[in-house]
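The values are calculated or read from the model by the stated rules, or taken from the named source; none is laboratory data. The model shown is predicted, which means the values in this text are computed figures rather than measured ones. A quick note on method: Cβ atoms are made from the backbone with ideal geometry, for glycine too, and the neighbour counts reach across all protein chains shown.
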Amino acid sequence: MGDRRFGIVLLVALLVAGVAGFAVFRTLQQAEAEARVPMAQVLVARVDLPEGHILGPSDVRTVELPVAAIPAGSYSVLDSVVGRVTRIPVFTGEALIPGRLAPLGTGSGLEVKITPGKRAMAVKIDEVAGLAGLIQPNSRVDVLVTMRADGPGQEQRAKLIMSNMRVLSVGSQIERGPDGRPANATTAALEVTPTEAEQLAVAANQGKIQLALRGYGDPDTVATEGASARDVLGNRPPETPTTPARAPTPRRAAPVIPSPQPAVADTKPAAPPMPRRPDSAVVQVFRGDKVTQQKIERRDSVRRDTIRPDTLRLDEAGRG
């Protein structure tokens with residue numbers, strides 16, 4: 001009986017342990033599935049592809065990328081990109097998307113480089129720029145025209161009519177060579193709008209067109225007034241300086257100085273001069289039947305030590 005009971009308890013324990021282990025396994029499996037990053041296949045460039053390149057099977061390869069990192073519209077089927085033409089340069093490892101490829105059926109010629117809404121127009125390059133190879137595909141140039149204005153007696157004038165124009169090709173070359181060698185040609189195709197194409201046509205028929213090469217990263221447009229022979233030789237009439245008229249400076253009123261008032265005579269009567277006190281006094285001295293006069297000086301007019309003793313005693317006796 002005891003062995004049977006022990007077997008039942010052991011069976012229940014094994015059953016509970018199995019259920020718990022299965023639950024833990026399922027929980028770990030679900031957590032791993034949630035932590036797994038979803039991946040997808042996409043076509044990327046195997047090597048650097050230049051602009052206008054026709055894609056072949058050896059130019060692309062298939063890689064797995066996280067779905068969140070795959071650009072929108074990327075291709076995953078090889079047949080969808082083989083035979084297409086690159087519209088812009090594509091670098092190694094970049095995903096192939098419609099924006100980097102020309103429309104289906106486009107050839108590898110110059111039309112691949114033309115921006116939608118613009119045109120390619122060929123102009124003649126002057127011998128200096130053409131033979132020296134200064135103008136290259138993808139260069140930026142300014143267009144100058146030298147022509148005579150309408151009207152009799154008008155002199156020729158040179159004017160910059162277009163700035164920062166893109167050179168699509170030079171002669172038959174549509175890409176700058178990897179070795180950097182100059183492309184010697186007599187024509188260049190510029191990317192222009194329809195309005196600019198009309199202006200170029202008039203300039204080419206009635207005047208002479210020249211291209212001025214711009215520096216790299218210089219997008220500024222400069223407005224000029226043109227130049228004629230008189231400007232070159234310095235015979236332009238002098239310009240009169242136009243200085244703004246200055247407002248007249250208001251005069252300041254002279255300060256009013258009050259006239260001096262006449263001096264008023266002092267009508268107050270002058271005080272009478274004080275009588276001068278005598279410096280000495282005369283005293284009669286009786287000695288028996290003789291009477292003499294003795295002059296005694298005032299104490300405040302002479303020093304005490306200068307008075308004779310007998311005079312001092314008489315003066316003190318008189319005061320006493």
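Within the stretch 68-111, the set of residues being of a type in the set (A, V, I, L, M) and exposed (fewer than 11 other Cβ atoms within 10 Å of the Cβ) comprises ALA68, ALA72, VAL77, LEU104. In the set (1) hydrophobic (A, V, I, L, M, F, W, C); (2) part of a helix (DSSP H, G or I); (3) in contact (Cβ under 8 Å) with a residue 40 or more places away in the chain, LEU43 fails one condition alone, (2). The set of residues in the stretch 56-67 that are surrounded by 11 or more Cβ atoms within 10 Å (Cβ to Cβ) and either polar (S, T, N, Q) or touching a residue at least 40 places away in the same chain (Cβ under 8 Å) (or both) contains only THR62.
Let's see how each residue does on (1) modelled with pLDDT under 75; (2) not assigned by TED's automatic domain parsing to the domain that holds ILE125:
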position	(1), (2)
ALA197	no, no
THR221	yes, no
PRO262	yes, yes
SER301	yes, yes
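Taken as a whole, the stretch 70-83 holds no residue that is farther than 30 Å from ILE174 by Cα, in contact with a helix residue (DSSP H, G or I) (Cβ under 6 Å, 6 or more places away or on another chain) and either part of a loop (DSSP other than H, G, I, E, B) or touching a residue at least 40 places away in the same chain (Cβ under 8 Å) (or both).
Of the residues making up the stretch 195-219, those that are loosely packed, with under 15 Cβ neighbours inside 10 Å and among the β-branched types (Val, Ile, Thr) number 2. Just so you know, in the stretch 151-181 the residues that are at pLDDT below 80 and of a type in the set (Lys, Arg) include one that is surrounded by the fewest Cβ atoms within 10 Å (Cβ to Cβ), and it is ARG181.
Conditions tested, residue by residue: (1) surrounded by 12 or more Cβ atoms within 10 Å (Cβ to Cβ); (2) modelled with pLDDT of 80 or more; (3) touching a Leu at 6+ places or on another chain (Cβ under 7 Å).
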site	(1), (2), (3)
LEU10	no, no, no
LEU14	no, yes, no
GLY18	no, yes, no
PHE22	no, yes, no
ARG26	no, yes, no
ARG36	no, no, no
LEU43	yes, yes, yes
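Inside the stretch 119-136, residues that are more than 21 Å from GLN199 (Cα to Cα) and modelled with pLDDT of 85 or more make up a count of 0.
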